[in-house]
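Notes follow once the structure below has been shown.
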Amino acid sequence: MQTILAFALVFGIIVIIHEFGHFYFAKRAGILVREFAIGFGPKIFHHRKGETTYTIRLLPVGGYVRMAGYEEEADIRPGMSVQLTLDEDEKVSQIDLQSKEGNLDTIPLEVTSFNFDDDLFIAGRVGFEETDQVFKVNRDALLIEKDGTLLQIAPKDRQFQSASLGNRMMTNFAGPMNNFILAIIAFTVLAFMQGGVPSQEPLIGEIEEGSPAEQAELEQGDRVLSIDGEAVDSWNEMVTIIQQHPGEDITLEFEKQTGEIMEETVQPEAVEVETQTIGRIGIQAYIDDSLSSKLTFGFTETLFIVTQIFTLLASFFTGGFSVDQLGGPVAIYATTEAVVQAGAFGLISWIGFLSVNLGIMNLLPIPALDGGKLLLNVIEGIRGRPISQEKEGYITLIGVLFLLILMLLVTWNDIQTFFLN
């Protein structure tokens, strides 16, 4: 249960922040945001405020912002029976699409035609009448979908396509942008919580009692200059060399905080890690507790993860693509189970890491993802006119099918890795 709650918390925070980026910049551009949804599938909760309906849906594996003229429209079509509610000016204020009997305050209508973009009307046969009646529709009339979700109609000037190209690009980019901002904030908070930032310099941090490092009289703050005559420039480089010499004497040249240069012979103890033996001398990375290091850690750690992800993506083209290199919701859940054991520090770090990953993945130029939408925006800017909605629909469908197949493959691979092996 603890893992389920942590998974819901982590995924919920990342998705809400991502979708809020789209939501905020769409509202700023004057685009009608009909629904802000967390999850997919059947609706389990909804609340309407202003022009937007906020929903929580059954499958907690993402979310979406439903913008007028951009996302799927309400399922209204000729031949459908609806219930109309009129205001005091005899204009339609509400259209109920649910298949149920009306009441004395509504008008039953079999729809023959409608236009909510320009002319704002709905026409059809009332009761047993043979001729059509035409009803004017308010600009802010509400549609009640079959699942009970309230959505506002959108005249053409409130639709996504009516916004300027710059505003549409910013709306598409805002989701991934918010993920990077969230990661920066998460890692900055983590730096303050843990009292500093692990230094990447080859500095000796906390020393374990009784370890080879303590026996060699190394002290916290000592800077390792070389190992067996090989210059050392970073913490990772120093650790790698030490791990390569389990049970062997190595000579450390290091500089004391006083500036004195010294040499000591150390024998790393042999430690079994999974299927290999590595050397360790019992030291931790030096913690830089300066204010500047804490304030910049969010940026440097986010940039480091971005670099690692792009390196991985590049390897798909140079070393071949493998589903084993990807992870889906199952892998995230399984990893969250381990992260929970690290407490708040682990969860915050995990939020930052996943947020960067979501931001990068969404910027890939794949149709249906934010990156694919931005690519279409760029093409529109070059051509001077947008791609037809029909062509864009086909392109998006191809992207959705590709992502669905990839998600199924990744999920099945995760199940085999974490539960069947």
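Things to note:
- Residue match in segment 70-81 (condition: part of a loop (DSSP other than H, G, I, E, B), surrounded by 16 or more Cβ atoms within 10 Å (Cβ to Cβ) and hydroxyl-bearing (S, T, Y)): yes
- Residues of segment 36-68 that are farther than 21 Å from H18 by Cβ and touching an Asp or Glu at 6+ places or on another chain (Cβ under 9 Å): P42 alone.
- Residues in segment 2-25 that are without any contact (Cβ under 8 Å) to a residue 60 or more places away in the chain and small (G, A, S): 2 in all.
- Of the residues D157, D117, the single one that is more than 29 Å from I16 (Cβ to Cβ) and surrounded by fewer than 20 Cβ atoms within 10 Å (Cβ to Cβ) is D117.
- Test for I379: is it at negative phi, part of a loop (DSSP other than H, G, I, E, B), of a type outside the set (D, E) and without any contact (Cβ under 8 Å) to a residue 24 or more places away in the chain: no
- Test: residue in segment 355-370 that is β-branched (V, I, T), at pLDDT below 90, surrounded by fewer than 17 Cβ atoms within 10 Å (Cβ to Cβ) and out of contact with any Asp or Glu (no Cβ under 8 Å at 6 or more places or on another chain): no
- Every residue from segment 151-169 that is part of a helix (DSSP H, G or I) and among the hydrophobic types (A, V, I, L, M, F, W, C): F160, L165, M169
- Matching option when the condition is in contact with a Ser or Thr (Cβ under 6 Å, 6 or more places away or on another chain) and modelled with pLDDT under 90, among Q200, Q161, Q152, Q194: Q200
- Hits in segment 26-45 - residues which are touching a Phe, Trp or Tyr at 6+ places or on another chain (Cβ under 8 Å) and touching a residue at least 60 places away in the same chain (Cβ under 8 Å): A26, I31, E35
- Looking only at segment 215-232, residues that are among the polar types (S, T, N, Q), in contact (Cβ under 8 Å) with a residue 40 or more places away in the chain and closer than 11 Å to F254 by Cα come to 0 in all.
- Hits in segment 246-275 - residues which are assigned to a loop (DSSP other than H, G, I, E, B) and either more than 24 Å from A231 (Cβ to Cβ) or small (G, A, S) (or both): G247, G259, E274, T275
- Against the conditions (1) at pLDDT 90 or above; (2) of a type in the set (D, E); (3) part of a loop (DSSP other than H, G, I, E, B), E217 satisfies every one except (1).
- Considering only residues in segment 189-214 that are assigned to a helix (DSSP H, G or I) and open to solvent by 30 Å² or more (accessible area, probe 1.4 Å), the one that is nearest to L374 (Cα to Cα) turns out to be V189.
- Every test in (1) open to solvent by less than 30 Å² (accessible area, probe 1.4 Å); (2) of a type in the set (V, I, T); (3) touching a Lys or Arg at 6+ places or on another chain (Cβ under 9 Å) is passed by T131 save one, and that test is (1).
- Of the candidates I366, I351, the single residue that is hydrophobic (A, V, I, L, M, F, W, C), in contact (Cβ under 8 Å) with a residue 40 or more places away in the chain and within 30 Å of L9 (Cβ to Cβ) is I351.
The values are calculated or read from the model by the stated rules, or taken from the named source; none is laboratory data. Please read all numbers here as calculations on a predicted model, not as lab measurements. We place every Cβ from the backbone using ideal geometry, glycine too, and count neighbours over all the protein chains shown. The accessibility values were calculated without ligands, DNA or RNA, using every heavy atom of the protein model including side chains. Shrake-Rupley method; radii C 1.70, N 1.55, O 1.52, S 1.80 Å.
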